[in-house]
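Data block below; observations after.
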Ligand SMILES: C[S@@+](CC[C@H](N)C(=O)[O-])C[C@H]1O[C@@H](n2cnc3c(N)ncnc32)[C@H](O)[C@@H]1O
């Protein structure tokens, strides 16, 4: 069988379940098996595929047809132009989260000596993308927290591969519970889906429930974070939270209860949906 025929067969196999991305997924899986880039694949379309490569490719196609993410099958996902190791223990980073990262990088640009925390770090996508964008010798620190030991292990490998050990500390723990020092910027893409949203979507159901399930209204983790945040967020500190666009009003209410007098901004994602709430806390919260 030629590579061209393998590509067609793969696309047809995937069209039965993941129709929207069948062609691209088959190509990415075939290139992964062969260890070649796109240009090389298209130059070699008439070459035969070896029996071993075909067996591996078939195995990956079967897994993809069962909705396992391509990122898990190839072990990596690009986010903010960086290649992150991912595996079934962490969420595959989503493009909409790049909006929060870009906002955070802009916010940090004129500030020095700040402490940033990424709560629910997963693969480390947010913390490590922000860290990579800081200039050499940047006098701040970034703490990445996740409750999952598997997530912290993957995030730590990503951090070490990007050589960011001196800038980013990894902590396994729940929300802000391990923090005692003041934090200037809290970034959090916590689980915010309702159980039904996950069960109805086989692609989501193939990702860790711990990374997605936010309880009955999807707000359990965001509510708990906001209720503990006043203990650690410095006066004038800022929080950037990712959410389901339908949670916008509820999250603004929770944020205003936790931080009276704060300024709220809502950032749209690439599809124009309200995806992030930025909470600028008051400069002198206790002093009134
Ligand atoms: C939606 S994923 C986000 C992962 C990553 N920040 C990203 O944007 O790709 C949410 C993460 O929160 C973690 N998590 C769930 N409950 C948590 C808790 N109570 N404390 C800290 N992390 C938690 C999950 O393990 C998961 O890695």
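Derivation of every value follows stated rules applied to the coordinates shown; laboratory data play no part. In this text, all values refer to a predicted model and were calculated from it rather than measured experimentally. Cβ atoms come from the backbone with ideal geometry, glycine included; neighbour counts cover every protein chain shown.
Below, the figures for the structure above:
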| read-out | value |
| --- | --- |
| Alpha-carbon gyration tensor eigenvalues x 5, square-rooted, for the range 77-280, Å | 23, 21, 16 |
| Residues 84, 42, 259 arranged by fewest to most Cβ contacts within 10 Å | 42, 259, 84 |
| Tilt relative to the chain, helix 22-34 - C-alpha long axis, 0 to 90 degrees, to 10 | 80 degrees |
| Antiparallel %, DSSP beta bridges [both residues in the chain], to 5 | 45 percent |
| Mean Cβ count within 10 Å, highest first, over the residues of peptides 162-169, 275-282, 146-153 | 275-282, 146-153, 162-169 |
| Sorted by Cβ neighbour density within 10 Å, fewest at the top, the residues 76, 174 | 174, 76 |
| Contact order relative to length of the range 3-66, as percent, for alpha carbon pairs under 8 angstrom and 6 or more apart | 47 percent |
| Radius of gyration and maximum dimension Dmax of the range 3-66, Cα, Å | 10.7, 30 |
| C-alpha long axis of helix 220-232 to longest principal axis of the chain, angle in ° | 40 degrees |
| Stretchable slack from residue 150 to residue 43, in nm (0.36 nm times residue separation minus alpha-carbon distance) | 34.6 nm |
| DSSP bridge orientation in the range 1-156 - percent antiparallel, rounded to nearest 5 | 50 percent |
| Degrees between helix 248-258 axis and first principal axis of the chain (Cα, 0 to 90, nearest 10) | 40 degrees |
| Contact order relative to length of the chain, as percent, for alpha carbon pairs under 8 angstrom and 6 or more apart | 14 percent |
| Over the range 98-252, relative contact order from alpha-carbon pairs under 8 Å, at least 6 apart, % | 24 percent |
| CD proxy at 222 nm, helix term only [per DSSP H run n ≥ 4: -39500 (n - 2.57); per residue of the chain; nearest 500] | -12000 deg cm²/dmol |
| Ascending count of other beta-carbon atoms within 10 Å, so fewest first, for 274, 52, 199, 25 | 52, 199, 274, 25 |
| Over the range 217-288, volume per residue of the alpha carbon convex hull, in Å³ | 77 Å³ |
